[in-house]
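The values are calculated or read from the model by the stated rules, or taken from the named source; none is laboratory data. Every value quoted in this text rests on a predicted model; they were computed, and no experiment measured them. All Cβ positions, even for glycine, are placed from backbone atoms using ideal geometry, and neighbour counts span all protein chains on display. With ligands, DNA and RNA removed, areas are computed over all heavy atoms of the protein, side chains included. Shrake-Rupley method; radii C 1.70, N 1.55, O 1.52, S 1.80 Å.
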Amino acid sequence: MSNPAIDAAFADEPAFIPYLAAGDPSYDASLEYVEALARGGADIIELGLPFSEPIAEGSTIQNAIVRSLQGGMTVGRYFEFVTDLDVDVPVVCMTYYNLIYQYGDEPGPEPFVRKAKSVGIDGFVVPDLPAEEADPLREACDEHGLDLVFIVAPTTDDERLDRLVSLSSGYLYVQARLGVTGARDDVSSETTSSLDRLAAYDIPKAVGFGIKTGEHARDIIAGGADGIIVGSALVDIIAEGTEADAPTEETAAELESLCEELKAGALEGAQ
Amino acid sequence: MPETDTTFGDYGGQYVPEALMPAIEELTDAYERYVLNNEDGFMDEFRERIRDFGGRPTPLQRADNLSERYDRDIYLKREDLLHGGAHKLNNALGQVLLAKYMGKERIIAETGAGQHGTATAMAAAHLDMPCEIYMGRRDVNRQRPNVFRMRINGAEVNPVDTGRGTLKEAISETMRDWATTVENTHYVIGSIVGPAPFPAMVRDFHRIISEETRRQTREQYGRLPDSVVACAGGGSNTMGIFADFTSDSPFSTAPDSNTDADDDVSLFAVEAGGSSLDVDEERGVAPNSASLSTGSEGVLHGARTKLLQNSDGQIMESHSVSSGLDYAGVGPELAKLVDDERVTPVNVDDDAALEAFHRLSQEEGIIPALETAHALAFLETETDADLGEFVVVNVSGRGDKDLEAALEETAQRDIPNAPAMEVFDE
Ligand SMILES: Cc1ncc(COP(=O)(O)O)c(C=O)c1O
């Protein structure tokens, strides 16, 4: 079962999927920044709901999460944020399981998913939820028609791969290299071998972890990916802007222009 | 696929990034083969090494002065006499040896009080494995002697600057390292926390405390104790000494562990009450580490367990005068045993722990770790608890590492039995 808005994002051309932490560094600035991603050509936006123990993130996104939480981001504010957001592309909520599990009166993922659906969220990526623990969230997503995207790692063997593909909907998040999130200067050779292994599966594959430039984007799409996911390289721009106390519009413009570069690289890779 | 159950009732599980899952499957398989089934004589080698290198069995000592003070027979299980000065070596040696059997090439670990880091560094040196330890910046400052010991044993110590710089942040950082290096590296987790199979496996390496205690109490006292008291941070020394007393536990793996009427043995897990049991919701701070007493169910560091968290599910910063108890979570097995009312969670505050630290030093000539001091403080504060006449307290570690911290913390408060703590001027 799959969400039509997300399917559409992969239909004609490679999907460009930027990530930002909602509320980084403040609610209002962050709204501007996320809208800049859309203007820059985002096909799907992965919008982080900050969790205090982000074990899958490198220091760039970890710091973004700290800024956002210090700026007052809460689960309730996050849902308002999505409602306030004026973008025309699907939004995937990227967060850790405890926040999903705690929401509502009873522990369990259903109240969170129901609320997410009502504010217009289209899917989830939950980096600390492996297939082993995913049944309750998968069921809630099916019930409300949201996608649940699983991450495939370089260490994932063929048996696990089958299982992840069968559980995943919308797309597969192909982790480009071992480790945590963070922008890198090269494209890992692990990416190519992962894409080769995945070629036979009929589900869009979006590659993330380390992508920084239009050139990376081009190479990864040319290597067989259906989409690229970029987080830390964009968050770096916000971090620099925050540190330099730059005007929001200036930082937003930089975000937009890196998005354009990444999207163009992806398009080039598809030719 | 391994067959071991990953949960303890509603608690436990494996909430980790996919990149780590194959390593966790591999570890589960190794745990079943080597630890549970003694394949290639693994457990024989472990027992030999924990005896010869570690110094087991540790004594069960009658504390004459405390016994008189409390008008009961108080016995101390002297894990402070284990090599390295804490129970931590049981697990560290077990896991480093297991990593070796699994063909891993590098060891990483986190540490709070530094005792687990020290034990891991010692085990790694003993078994010739390279080793890196993550430790919160605040804990590096509180536990400097252990930082030196780790380094002297050849380990690299990486201070962690995120959050409050305590155990919680150190665990997150070690998981990040592991996610990068998982193909050749084993993460020696320091307590009965984390994703399955860690909680069960760590308990099994510490179970030797309980085995010895059962034998020693029978030999020295003629029967099992009325109660067993241990401090609980993550809960490894707690489950270590409780393991063979819990009885009828469906997930128990020890053969013949249930041959006595163990239900008569009361089990008390003493948590750090810090400065208060109340929570500062606004700041996201719990001025305690009492997750069994006051926490709620949630998911942290790979397991569903009892946690200090706000209503959104954000993890709180915890507090304790002792670094080793300063953690917002607790082992899932303990959480289950508390729900089952098999283990009674109690807590004592920072001041009571400091008072107990001085008391044991003065009255018995044993300087306990500040963690252990919490267990001892419970004897003093909880006069109407049903401890019975024969009580065993697990002395989880010795206090050498804490001298500096204890001196500083004592100087800031009014601890009635504190000796003069000023530094001598010339
Ligand atoms: C001496 C000592 N006791 C107790 C603890 C608490 O850990 P656990 O509850 O896992 O035994 C520590 C942790 O560092 C310690 O060093």
| request: Please give the number of the condition B:Lys306 fails out of (1) crowded, with 24+ Cβ neighbours inside 10 Å; (2) assigned to a helix (DSSP H, G or I); (3) not polar (S, T, N, Q). | output: (2)
| message | Only one of A:Val152, A:Val126 is in contact (Cβ under 8 Å) with a residue 40 or more places away in the chain, crowded, with 17+ Cβ neighbours inside 10 Å and closer than 20 Å to A:Pro18 by Cα. Can you tell me which? | response | A:Val152
| In the list A:Asp24, A:Asp7, A:Asp43, which residue meets the criterion of being under 14 Å from A:Asp236 (Cα atoms), among the acidic types (Asp, Glu) and touching a residue at least 60 places away in the same chain (Cβ under 8 Å)? | A:Asp24
| query | Going through region B:181-190 one residue at a time, which ones are open to solvent by less than 10 Å² (accessible area, probe 1.4 Å) and either within 11 Å of chain A (Cβ to nearest Cβ) or part of a loop (DSSP other than H, G, I, E, B) (or both)? | reply | B:Val182, B:Thr185, B:Val188, B:Ile189, B:Gly190
| query | What number of residues within region B:77-98 are buried (at least 24 other Cβ atoms within 10 Å of the Cβ), more than 14 Å from the chain's Cα centre (by Cα) and in a helix (DSSP H, G or I)? | reply | 4
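Being part of a helix (DSSP H, G or I), in contact (Cβ under 8 Å) with a residue 24 or more places away in the chain and within 30 Å of B:Thr7 (Cβ to Cβ) is true for just one of B:Ala352, B:Ala335, B:Ala405. Which residue is that? Spell out how you get there, then give the answer.
Working: B:Ala352 fails: within 30 Å of B:Thr7 (Cβ to Cβ); B:Ala405 fails: within 30 Å of B:Thr7 (Cβ to Cβ).
Residue meeting the stated conditions: B:Ala335.
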| query | Is it the case that region B:88-101 has a residue that's charged (D, E, K, R) and touching a residue at least 40 places away in the same chain (Cβ under 8 Å)? | reply | yes
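One line per residue, one yes/no per condition, for (1) within 14 Å of chain A (Cβ to nearest Cβ); (2) under 27 Å from A:Thr60 (Cβ atoms); (3) open to solvent by less than 40 Å² (accessible area, probe 1.4 Å):
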residue: B:Thr162; (1), (2), (3): yes, yes, no
residue: B:Thr166; (1), (2), (3): yes, yes, yes
residue: B:Ala179; (1), (2), (3): yes, yes, yes
residue: B:Gly194; (1), (2), (3): yes, yes, yes
residue: B:Phe205; (1), (2), (3): no, no, yes
residue: B:Ala230; (1), (2), (3): no, no, yes
residue: B:Gly233; (1), (2), (3): no, no, yes
| said: Which residue is surrounded by the fewest Cβ atoms within 10 Å (Cβ to Cβ), if the candidates are limited to region B:279-303 and must be polar (S, T, N, Q) and not in a strand (DSSP E or B)? | reply: B:Thr294
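Inside region A:95-147, counting only helices (runs of 4 or more DSSP H) that do not spill past its ends, which hold 2 or more residues that are within 11 Å of chain B (Cβ to nearest Cβ) and under 15 Å from A:Leu49 (Cβ atoms)? Give the steps one after another, and end with the answer.
Numbers: elements: A:97-102, A:110-119, A:135-144.
Where helices (runs of 4 or more DSSP H) fall fully within region A:95-147 and carry at least 2 residues being within 11 Å of chain B (Cβ to nearest Cβ) and under 15 Å from A:Leu49 (Cβ atoms), they are A:97-102.
Let's see how each residue does on (1) within 16 Å of the ligand (Cβ to nearest atom); (2) in contact with a His (Cβ under 8 Å, 6 or more places away or on another chain); (3) assigned to a helix (DSSP H, G or I):
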position: B:Asp139; (1), (2), (3): yes, no, yes
position: B:Arg149; (1), (2), (3): yes, no, yes
position: B:Gly154; (1), (2), (3): no, no, no
position: B:Thr162; (1), (2), (3): no, no, no
position: B:Ala170; (1), (2), (3): yes, no, yes
position: B:Trp178; (1), (2), (3): no, no, yes
position: B:Pro199; (1), (2), (3): yes, no, yes
position: B:Arg203; (1), (2), (3): yes, no, yes
position: B:Ser210; (1), (2), (3): yes, no, yes
| Exclusive hit being within 15 Å of the ligand (Cβ to nearest atom) and in a loop (DSSP other than H, G, I, E, B), set B:Val330, B:Val346 | B:Val330
| said: Any residue in region B:305-326 that is modelled with pLDDT of 95 or more and more than 13 Å from the ligand (Cβ to nearest atom) sitting within a Cβ distance under 6 Å of a residue that is among the hydroxyl-bearing types (Ser, Thr, Tyr) and in a helix (DSSP H, G or I)? List the pairs, counting only those 6 or more apart or interchain. | reply: B:Lys306/B:Ser291; B:Leu307/B:Ser291; B:Leu308/B:Ser291
| query | Which numbered condition trips up A:Leu167, out of (1) surrounded by 22 or more Cβ atoms within 10 Å (Cβ to Cβ); (2) within 12 Å of chain B (Cβ to nearest Cβ); (3) modelled with pLDDT of 95 or more? | reply | (1)
| Looking only at residues in region A:53-66 that are facing chain B (nearest Cβ under 8 Å) and within 14 Å of A:Asp24 (Cα to Cα), which one is surrounded by the most Cβ atoms within 10 Å (Cβ to Cβ)? | A:Gln62
